[in-house]
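Only one structure is covered here, and it is reproduced in the block below.
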Amino acid sequence: MSYLILLLVGASIAGAAYGVSRVATAWSIGLATRRGVVAEVNERSSHDAPVARVGGIGMMAGVCVGLALLAVSMALGDAMPDRLWLRIIQGHVYTPTWPQFAGIAAGLAVAFALGLWDDSHDPPAMAKLGLQALAALVPPLCGFRIDLLLMPGATAGIVLQPVVGIALTAAWLLMMMNVVNFMDGINGIAGRFAQVAACGMLMGAITFAGSAPLLILCAALWGSAEGFLRHNIPQARTFMGDCGSQPLGLLLGLLAVLVSRQSSTYALPLIGPVIVLSPFIFDVVYTLARRSMRGENLLRAHREHLYQRHLIATGGDHGRTLSFVETHLWVAGIAGAAYIYFGWNAANLSLQLIALAAMVGNLGWYAWGVFSAEAARKKDS
């Protein structure tokens with residue numbers, strides 16, 4: 001019965017976020033059109049007509065539903081810790097402290113403001129990087145950070161010094177902001193990534209004590225992404241823009257940290273969420289390494305990500321490329337959920353090896369699929 005109630009609670013949160021996001025995204029399209037904040041067609045474009053580029057306003061409005069509900073749950077937890085609905089979600093409830101919550105909200109606000117500035121004014125790269133660093137630093141400075149490293153099979157972890165935990169967490173969050181920003185290049189890809197990642201982390205961690213914040217935020221993220229995607233696929237009326245991709249990357253990084261604070265059963269606390277997020281991380285790392293080895297300017301815009309190469313090789317078939325990427329997202333999401341759920345121990349070693357093999361095989365298949373599509377394209381031409 002408790003899982004049925006969890007499903008109903010999650011669906012209600014997702015539905016509320018979906019409604020807010022869909023309405024706000026529609027409003028943002030009109031705003032962008034009136035202000036001329038549109039993505040023009042250029043040599044790197046995958047679209048053939050100008051498109052509004054601040055659809056992330058709607059998605060972040062939906063995420064704010066989750067933040068508001070999390071604040072309410074924290075207040076109820078402080079005032080009435082034995083409330084039935086909190087006990088149903090999990091009896092021993094972990095929630096962020098109020099300073100940690102303020103850090104999360106402030107970091108997302110900075111990332112969103114940076115994105116709006118980038119969408120409308122194209123700021124210098126160093127100014128953008130500075131604001132990204134600020135957004136990534138605020139949550140760990142407020143106490144929401146990785147503070148423990150635990151090796152496989154160990155019963156006691158290594159407690160990190162605050163400065164180390166802050167640096168490690170900020171570096172992780174900064175990386176995720178850029179990963180999502182780099183990968184947001186075709187209709188639907190970042191929105192689907194957000195949904196699969198939310199499902200993967202929630203499926204893995206829902207039985208841990210302290211699942212309430214994760215349930216609220218993941219459900220709100222799923223619903224808000226769906227509200228945005230209604231205007232983005234199959235034919236885009238709006239793009240997410242940096243005002244969506246920057247806070248989305250930060251939020252996914254924060255959810256990974258939240259998962260890491262709820263379980264001490266897996267090695268190097270982010271490894272489970274990293275498996276969930278691996279298709280995007282792999283694409284970015286592989287592409288940057290490939291371009292670096294060729295001596296190219298890493299700051300210059302390009303169309304060499306694996307998903308972009310797949311799109312070009314398939315003649316610009318957005319639907320086929322999105323389906324191809326979604327398959328890998330779900331494989332990685334399920335593998336990561338299995339790792340988070342079962343942990344790393346001798347009894348479940350075979351399951352962990354299967355999950356890790358699925359991740360590695362998925363990434364290999366991802367690259368192989370791109371190369372095969374390119375080869376077929378060259379042969380046909």
Apart from one, (1) farther than 30 Å from Val72 by Cα; (2) in a loop (DSSP other than H, G, I, E, B) all hold for Arg290; the odd one out is (2)
Test: Met176 is part of a helix (DSSP H, G or I) and closer than 23 Å to Glu304 by Cα: yes
Which pairs do you get when a residue that is within 19 Å of Val51 (Cβ to Cβ), found in region 4-29, comes within reach of a residue that is surrounded by fewer than 20 Cβ atoms within 10 Å (Cβ to Cβ), reach meaning Cβ atoms under 6 angstrom, with the pair 6+ apart or on two chains? Arg22/Arg230; Ile29/Arg237
Determine which member of the set Ala357, Ala373, Ala301 is at pLDDT below 80 and assigned to a loop (DSSP other than H, G, I, E, B). Ala301
Cβ contacts < 6 Å: first residue within 16 Å of His231 (Cα to Cα), restricted to region 30-52; second residue charged (D, E, K, R) and modelled with pLDDT of 85 or more, any location; separation 6+ or different chain. Result? Val38/Arg53; Ala39/Arg53
Identify, by number, the condition in (1) more than 23 Å from the chain's Cα centre (by Cα); (2) at pLDDT below 85 that Ser292 doesn't meet. (2)
Test: Thr169 is hydroxyl-bearing (Ser, Thr, Tyr) and either touching a helix residue (DSSP H, G or I) at 6+ places or on another chain (Cβ under 7 Å) or modelled with pLDDT of 95 or more (or both): yes
Of the conditions (1) modelled with pLDDT of 90 or more; (2) more than 25 Å from the chain's Cα centre (by Cα), Val159 clears all except one; give me its number. (1)
Yes or no: region 53-64 includes at least one residue that is within 23 Å of Thr238 (Cα to Cα), at pLDDT below 90 and surrounded by 12 or more Cβ atoms within 10 Å (Cβ to Cβ). yes
Is it the case, given these coordinates, that Ser211 is touching a residue at least 60 places away in the same chain (Cβ under 8 Å), farther than 19 Å from Met60 by Cβ and polar (S, T, N, Q)? yes
Per the filter on region 312-324, residues more than 22 Å from the chain's Cα centre (by Cα) and buried (at least 20 other Cβ atoms within 10 Å of the Cβ) are Ala313
Just one of (1) more than 17 Å from Ala337 (Cα to Cα); (2) surrounded by 24 or more Cβ atoms within 10 Å (Cβ to Cβ) trips up Ala219, so point out which. (1)
Take the residues of region 332-344 that are under 20 Å from Ala367 (Cβ atoms) and modelled with pLDDT under 85: which is surrounded by the fewest Cβ atoms within 10 Å (Cβ to Cβ)? Ala335
In region 27-52, residue nearest to Trp222 (Cα to Cα) [restricted to those that are modelled with pLDDT of 65 or more and in contact with a His (Cβ under 8 Å, 6 or more places away or on another chain)]: Ile29
Can you work out which of the residues in region 7-21 that are of a type in the set (Ser, Thr, Tyr) and either within 18 Å of the chain's Cα centre (by Cα) or not in a helix (DSSP H, G or I) (or both) is surrounded by the most Cβ atoms within 10 Å (Cβ to Cβ)? Ser21
Within region 271-298, of all residues that are of a type in the set (S, T, N, Q) and surrounded by fewer than 16 Cβ atoms within 10 Å (Cβ to Cβ), the one farthest from Gly369 (Cα to Cα) is Asn297
Could you please tell me which pairs satisfy a Cβ distance under 9 Å, a separation of 6+ or placement on different chains, a first residue in region 215-236 that is more than 17 Å from Val54 (Cα to Cα), and a second residue that is among the aromatic types (Phe, Trp, Tyr) and modelled with pLDDT of 95 or more? Trp222/Tyr18; Gly223/Tyr18
Only one of Tyr307, Tyr366 is hydroxyl-bearing (Ser, Thr, Tyr), modelled with pLDDT under 75 and crowded, with 16+ Cβ neighbours inside 10 Å; which? Tyr366
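The values are calculated or read from the model by the stated rules, or taken from the named source; none is laboratory data. Note that this is a predicted model, so its numbers are computed, not measured. Note that each Cβ is placed from the backbone with ideal geometry, even for glycine, and that neighbours are counted across all protein chains shown.
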